[in-house]
Every structure is written in C-alpha cells, then in structure tokens.
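Asker: Sharing a structure here in structure tokens format.
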Amino acid sequence: DPVARARRAAELGAAAVCWHVGIDMQMQGKTPFALIEELARGSPIPVAVAGGLNSESVARAARAGAQILIVGGAITKSPKIVEATREIRRAIDTQKEVSTELFRRYSGTEIREAFLKVSSPNVTDAMQRQGAMHGIQPHLTDRTVRMVGPAVTVVTRDGDWAKPVEAIDRAGPGDVIVIDAGGSSTAVWGELASWSARGRGVGGGRHRRRGPGHRCDLGQSGCRSSAGT
C-alpha cells in the first residue's frame, strides 16, 4: 500500500516520498500518474516522482499532484540543454505538455513512426539483445531506406514459391514479408513477386537462404531483383 508506506515514512521523519519509474516499467509503457494522484491525496508529506520524465510527462505528473519532479535524461541528453530545461520548467509551471522527441512514449498507432527514426542496433539495445534475427543482411538498392512494419512470416522449402505468393495476398499495406526458405539454394522470390508486393503496398521483404540474397527496394519507383538460383 503506497499511501500507508508514505504515512509510515512521515512518522519516521522523512521529508518526502518518491515514486521512481524503473527502466523495466518504462519499457513496458507503464506510467505512474494514477498512483501519484493516490499518493498526493493520502500522503502527509510531499510526493516526488522520477524516471523517464520529459516536458510532456512532467506536466501530467504535476497535474497529478507531484510536488517534486526529478528530470534527468530529458535534460542531460538534449543537444540544447538550456532550451530543454526551460521547456520542462514551463511545462511544470503551466501544467501543460510541451511537445518533445526526448523520452517520448509512443502509442500503438505511432510505433512505426518511432521505429523509422532509429536503427536496428538501437532497437536491439533497448530490447537487451532479445528478439534479434540472425543470418539476415540488408540488400537494398538505396541505403537510406528503412524497412519497418508488422512481419508476415513464411516458412517454405527449396524452390517452393507458393507460400511466398500467398503471403503477398495476406500482407497489408506497410507489412514486411519475412521468408525462411530453410537454407535452400533455389530462389523463392523474384522480380514479379516484388512488383506484386509493391502494388499491394507491402513495406518490404527479406528471405534467408544460402547464396546471394534477394534484393528489392519496394520504397522506390523501381524494383530490382538479384534472386538468382
């Protein structure tokens, strides 16, 4: 019971009680605002909050009743520290969010936008090296292209292109087709498949096998394939 613990802390002489949102909670998208409101109503001493605060969330924390707001990375990791500090102070004073890209929490509809701003190493670092796919290398005609989207996964066998074609029919706009051809040496994807996928708005495709990999840039006006056998 956080309120009971806050009252006990006050009895022991504590000047304030702090709720820290750990990195594990931040990675799960958890927020402390409901708990802060509960603490602010029931705690006899000031409530502090720390962990992942920026100029957007700090305003929500202030509205929830937090009297001490501890901000770290949103200031120290900003390329403009003075400006970032002023924006955070303004958000606290007005209790209104100031838009920022630092320590921003993205909603489900904004996930693709967020991933387009970072690299694969950034993502795997944030996920503590979990979920990374091995043996897949980028073969893009344009190195500035980023391939991001929900995966449509396919398992097929040497030279069998029926399942990859079915994946094109199942994939929606922005999806990425990922094919496991079981280490085969015969292509299961080619230029016609690439053009079909592009026509349906598929965001990209990768498949893994021995030998040269298929190369297709679905994000440009043309599509080239090097999916030779």
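No value in this document is a laboratory result; all are computed from the given coordinates. The structure presented is a predicted model; accordingly, all values stated were derived computationally and were not measured. A quick note on method: Cβ atoms are made from the backbone with ideal geometry, for glycine too, and the neighbour counts reach across all protein chains shown.
Asker: In terms of Cα to Cα distance under 16 Å, which aspartates and glutamates are near enough to Lys96, apart from those fewer than 8 places away along the same chain?
Answerer: Result set, ordered by chain and number: Glu56, Glu87.
Asker: Could you give the length gained by full extension between Thr94 and Ala15, i.e. 0.36 nm per residue of separation minus their alpha carbon distance, to one decimal place?
Answerer: Numbers: separation 79, 0.36 × 79 = 28.44 nm, distance 2.53 nm.
Full extension from Thr94 to Ala15 adds 25.9 nm.
Asker: What trypsin sites (Lys or Arg not before Pro) does the stretch 59-101 have in DSSP loop regions with at most 15 other beta carbons within 10 Å? Numbers along the way, then the final one.
Answerer: Values: sites: Arg60, Arg63, Lys77, Lys80, Arg86, Arg89, Arg90, Lys96; in loops: Lys77, Lys80, Lys96.
Passing both the DSSP loop test and the Cβ count: Lys77, Lys80, Lys96.
Asker: Label points 7 Å out from Cα along the Cβ direction at Thr141 and Asn122: separation in nm?
Answerer: 2.7 nm
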